[in-house]
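Here you go, one structure.
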Amino acid sequence: MRKSLPKRLLALILIITMITTTAEWSQIATMTRKIYASEKTENTKIESKEVIKGENTKNSTTFQLSNGKKQTIFYGQDVRFETDNGTLKDYDPTLVKVEDSKSENGNSL
């Protein structure tokens, strides 16, 4: 009986090691954060926002919330450009129908 105890203990240690090393802990942590985040956002009520034009930058937008706080959203790239007179203007993402068969550079469209 004494000789089989160390073998069983070794087998148990190997099983625990295999289980912990083969599990994808990063995926488990990501799923846990997603579940927690969705639970948290469901409980918050939607507040009204107003854009504060004077505090906007090329890559951020600032809002005045109804509870008196401010919220700033930062973008990964510029969403506005500076005009010749120094004011910021939003990029226009709408598509325009092309009428000509050549571009301004002379390339065929």
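Derivation of every value follows stated rules applied to the coordinates shown; laboratory data play no part. Bear in mind that the values here come from a model prediction, so they are computed numbers and not experimental data. With ideal geometry, Cβ positions are generated from the backbone for all residues, glycine too; neighbour counts draw on all protein chains shown.
Simple spin-label model, 7 Å along Cα-to-Cβ: residue 82 to residue 57 in nm?
Between residue 82 and residue 57, the simple spin-label model gives 1.2 nm.
I've got another one for you. Modelling each spin label as a point 7 Å along the Cα-to-Cβ direction, I'd like the residue 107/residue 15 distance in nm, to one decimal.
Placing both labels 7 Å along Cα→Cβ, they lie 6.4 nm apart.
Given H placed 1.01 Å from N in the peptide plane, which residues other than close sequence neighbours of residue 80 have an amide H under 5 Å from its amide H?
Residues meeting the amide H criterion: 91.
Can I ask one more? Given the Cα-Cα distance of residue 50 and residue 67 and 0.36 nm per residue of separation, how much length would full extension add, in nm?
Working: separation 17, 0.36 × 17 = 6.12 nm, distance 1.16 nm.
Value of the extension gain: 5.0 nm.
Amide H neighbours of residue 63 under 5 Å, at least 5 residues apart or on other chains, H built in the peptide plane: list them.
52, 71, 72, 73
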